[in-house]
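Take a look at this one; I'll ask things after.
Values quoted throughout were computed directly from the atomic coordinates according to the rules given, and no laboratory measurement underlies them. This is a predicted model, so every value here is computed, not measured. All Cβ positions, even for glycine, are placed from backbone atoms using ideal geometry, and neighbour counts span all protein chains on display.
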Amino acid sequence: MAARHFLTLNDMSTTELEDLVDHGTRLRNEWRLGTVRDSLKNRVLAMIFEKSSTRTRVSFEAGMAQLGGSAMFLSPRDTQLGRGEPIEDSAIVISRMVDAVMIRTFAHETVETFARASQAPVINALTDDFHPCQLLADMQTFREHRGSIRGATVAWIGDGNNMCHSYINAASQFGFHLNIATPEGYDPDPELMKKHGDRISLVRNPADAARNANLLVTDVWASMGQEDEQKAREKAFHDYQINPALMTLADKDALFMHCLPAHRGEEISADMIEHPASVIWDEAENRLHAQKALLEFLILNRLD
């Protein structure tokens with residue numbers, strides 16, 4: 001049977017995604033009770049990092065250990081991915097030795113090329129275009145705090161980046177409406193917006209996006225690799241901050257999320273992480289549990 005890959009949320013059906021989110025919550029509850037789980041005993045995950053990370057490495061490595069398996073960290077110094085060896089050749093060799101491959105890189109084409117040649121499941125742990133693993137954690141967190149997100153309104157405030165792209169996909173898959181507030185010149189991919197036009201609204205004023213929303217989400221103004229644009233982005237995004245004043249426009253039970261790391265005083269005010277609406281620590285932890293559910297699904301072809 002051909003391997004299933006997880007490169008974007010669209011690689012799974014809505015039912016599969018919702019089952020994954022629910023299973024992530026079950027795994028979180030089991031883990032907190034101290035239940036030992038060895039569903040991935042003797043299984044190995046290769047973790048290829050061309051972009052550095054804290055949460056991604058810790059969550060995947062800890063997740064494999066908690067399921068009885070192991071994970072190997074491969075930095076740019078440890079692989080020849082796309083340099084001395086074609087990506088396809090690396091994929092063939094690595095995938096014959098491990099049970100799954102996780103890649104965190106720049107070009108989305110890299111994970112697509114790797115997946116086409118891989119006989120093991122490939123997981124996109126972040127590219128410049130998409131960040132689907134974070135969306136699993138976000139959807140799990142919302143469901144744990146407020147129930148189903150279907151029919152809700154989500155406000156994305158900030159850059160039309162990889163996180164915004166994955167929220168656009170999530171709007172269709174999980175059945176919510178996405179208000180995107182971003183300055184001109186920083187819009188999400190136009191083809192993606194056109195494809196999901198019935199699920200999104202693009203506005204310039206953050207207040208218009210936040211009004212009556214059930215969830216407010218943001219990300220840093222300058223992502224990894226955009227450091228040289230920091231000053232220009234600070235100027236462009238000056239009015240695109242999530243703060244308590246903006247939260248007052250949202251629904252009274254609205255939640256606030258951020259994929260982290262957060263730059264206090266930029267995309268969020270210094271006090272937003274401690275705001276009563278903030279669930280970012282649960283959101284961060286749920287990367288671990290959502291990804292454990294994903295690993296079981298891809299490696300075992302089932303959710304127990």
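Could you compute the FRET efficiency for Glu85 and Arg4, with r as their C-beta to C-beta distance and R0 at 25 Å, rounded to 0.05?
Details: r = 25 Å, r/R0 = 1.01.
Step by step, r from the Cβ atoms, then E = 0.50.
In nm, to one decimal, how far is the Lys231 label point from the Thr15 one, both placed 7 Å along Cα→Cβ?
5.6
Specify the residue with the greatest mean-square fluctuation among Lys41, Lys292, Lys235, computed from a Gaussian network of the chain linking alpha-carbon atoms under 10 Å apart.
Evaluated over the chain, the most mobile residue of the options is Lys235.
Tell me which residues come under 5 Å, amide H to amide H, from Leu178 once H is placed; ignore anything under 5 positions away on its chain.
Val154, Ile200, Ser201
Follow-up. Mind ordering 9-19, 108-118 by average Cβ neighbours within 10 Å, highest first? Write out the running numbers ahead of the final one.
On the way: 9-19: 16.6, 108-118: 19.9.
Going from most to least packed, we get 108-118, 9-19.
Right, next: Roughly what % of Cα-Cα distances in region 103-174 sit above 19 Å, to the whole percent?
On the way: 1061 of 2556 pairs.
Of all Cα-Cα pairs in region 103-174, 42 percent lie more than 19 Å apart.
Using the charge dipole of the chain (Lys, Arg: +1 at Cβ; Asp, Glu: -1 at Cβ; taken about the Cα centre), state which of Thr79, Gly147, Asn301 has its Cα farthest towards the positive end.
Looking along the dipole axis, the top candidate is Asn301.
Determine, for each peptide in 249-260, 68-79, the mean count of other beta carbons within 10 angstrom over its residues, then list the peptides with the highest first. Walk me through the numbers before you get to the answer.
Values: 249-260: 19.7, 68-79: 14.7.
Top to bottom by mean Cβ count within 10 Å: 249-260, 68-79.
When the dipole is taken about the Cα centre of the chain, and only Lys, Arg (+1) and Asp, Glu (-1) are charged at their Cβ, what size is it in debye, to the nearest 20?
Working: 31 positive and 44 negative charges, 140 e Å.
The calculated dipole for the chain is roughly 680 debye.
Of (1) 1.11; (2) 1.02; (3) 0.96, which is the value of Rg/Rh (Cα atoms, Kirkwood Rh) derived from the coordinates here?
Computed from these coordinates, Rg/Rh (Cα atoms, Kirkwood Rh) corresponds to label (3).
Please work out the ratio of the alpha-carbon Rg of region 134-281 to 2.2 N^0.38 Å and round it to two decimals.
Values: Rg = 13.9 Å, N = 148, 2.2 N^0.38 = 14.7 Å.
Dividing the Cα radius of gyration by 2.2 N^0.38 Å gives 0.95.
Show which lysines lie in cross-link reach of Lys235 when reach means a straight Cα distance below 27 angstrom and same-chain residues fewer than eight apart are skipped.
Excluding near neighbours in sequence, the set is Lys51.
Just Met97, Met47, Met64 to compare: in a GNM of the chain, with alpha carbon springs under 10 Å, which one fluctuates most?
It is Met97.
Still on this structure, I have one more. Quick one: what does P(r) look like for region 92-132 with 10 Å bins over all Cα pairs, in whole %?
Here the calculated profile for region 92-132 is 34, 54, 12.
7 Å from Cα along Cα→Cβ at both Tyr186 and Val93: what's the point-to-point distance in nm?
4.2
Relative contact order for region 161-304: what percent, with Cα pairs under 8 Å and sequence separation of 6 or more?
Working: 171 pairs, mean separation 28.2, N = 144.
So the answer I get is 20 percent.
Please work out the C-alpha center-to-center distance from region 186-209 to region 240-264 and express it in whole Å.
19
Another one. Taking 7 Å along the Cα-to-C-beta vector as the label spot, tell me the Ser75-Arg264 distance in nanometres, rounded to one decimal.
In this crude spin-label approximation the distance works out to 2.9 nm.
Quick one: net charge of Val217's neighbours, Cβ under 11 Å, K/R +1, D/E -1?
Details: positive: none; negative: Asp138, Asp219, Glu267, Glu283.
Overall, the nearby charge balance is -4.
Enter the Cα centre distance for the pair region 67-96 and region 30-48, rounded to the nearest angstrom.
21
In terms of Cα to Cα distance under 23 Å, which lysines are near enough to Lys41, apart from those fewer than 8 places away along the same chain?
Excluding near neighbours in sequence, the set is Lys292.
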